[in-house]
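The values are calculated or read from the model by the stated rules, or taken from the named source; none is laboratory data. None of the values given here were measured: they were computed from a predicted structure. Every residue, glycine as well, gets a Cβ built from its backbone with ideal geometry; the counts of neighbours run over all protein chains shown.
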Amino acid sequence: MHISVLQEAFLSFFRGRSIKTFIDATLGAAGHSLALLQEHPEIELLLGIDQDTSALKLAKEKLSPYENKVKLIHSNFENLSHLVKNEGLEKVDGIFFDLGISSMQIDTDFRGFSFLKEGPLDMRMDTSQDLTAEDIVNSYSQKDLADLFYLLGDEPRSRIAAEAIFQARKKNRITTTLQLVDILSKVLWRQGKIHPATKIFQALRLAVNRELEVISTVLPQAISLLAPQGRLGVISFHSGEDRIVKELFRSEKQKGFIQILTKKPLVPTFEECRANPRSRSAKLRFCEKI
């Protein structure tokens with residue numbers, strides 16, 4: 001079951017404010033959007049964007065009571081400015097990004113995101129794209145794999161993991177999640193409660209979907225699309241993601257374009273982490289257009 005992370009904190013930044021137009025750039029299962037629509041009957045248009053067609057199908061059902069206010073778009077949010085222009089909008093009152101992967105995607109074995117389920121090494125959020133995790137695992141050089149695991153996964157034993165994969169694929173092509181997990185489990189150890197394959201799978205997912213690159217591209221677009229006093233919120237789950245958000249906010253503040261509403265990122269409460277362990281690494285930052 002998908003549980004919306006930091007939903008109450010997200011809603012708090014819009015309470016007492018009038019919202020006419022809003023963009024949920026990572027719609028997912030639509031938990032945040034549904035809650036916002038319930039609290040803000042004045043909303044005239046909510047654009048929900050997602051590159052995952054399965055997520056859009058689920059979101060359409062969940063948001064059906066508000067179908068006259070909601071427009072769903074299948075696209076990568078890196079095209080945000082173009083998508084908004086196509087809808088005839090110039091400025092909007094709020095934009096939200098819930099980065100990373102949803103529980104729905106993790107729990108679907110054939111998507112290949114989970115190291116606990118047998119499935120193809122896919123990891124594409126947009127299944128119409130060509131590059132998969134299988135392609136990376138079997139075609140990248142040993143050095144490139146090591147660099148990937150270190151830079152995107154923060155894996156301290158990245159070279160050892162890369163060598164294990166490189167040697168294993170000489171015998172047989174690596175095509176499934178549990179095949180990769182078996183290779184990694186022989187050379188990596190569990191770090192506290194973190195599974196040995198966690199950081200490798202994270203790095204592969206980020207690479208397949210170009211997630212850090214796309215975040216860097218879209219955030220300046222989002223700020224430029226905000227109306228005065230419009231607000232932008234971003235939930236990140238990875239140190240690289242949060243660093244990009246933090247530095248971009250700081251840069252835009254120095255230019256006089258925004259004020260930062262979160263001096264430090266908001267994180268889930270102990271109770272939320274206990275109810276939804278996948279929320280434990282979430283960080284929420286908000287800014288407001290001047």
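Remarks
- Test for ALA168: is it surrounded by 14 or more Cβ atoms within 10 Å (Cβ to Cβ) and not assigned by TED's automatic domain parsing to the domain that holds PHE257: yes
- Condition check for PHE97: closer than 21 Å to THR217 by Cβ, at pLDDT below 95 and crowded, with 23+ Cβ neighbours inside 10 Å: no
- Residue among THR53, THR26 that alone is modelled with pLDDT under 95, out of contact with any Pro (no Cβ under 8 Å at 6 or more places or on another chain) and within 20 Å of VAL234 (Cβ to Cβ): THR26
- Residues of region 4-40 satisfying the condition of being out of contact with any helix residue (DSSP H, G or I) (no Cβ under 9 Å at 6 or more places or on another chain) and either of a type in the set (A, V, I, L, M, F, W, C) or not assigned by TED's automatic domain parsing to the domain that holds LYS283 (or both): ALA9, PHE13
- Those helices (runs of 4 or more DSSP H) of region 49-166 in which 2 or more residues are touching a helix residue (DSSP H, G or I) at 6+ places or on another chain (Cβ under 8 Å) and free of Cβ contacts under 8 Å to residues at least 40 places away in the same chain occupy 53-62, 142-153.
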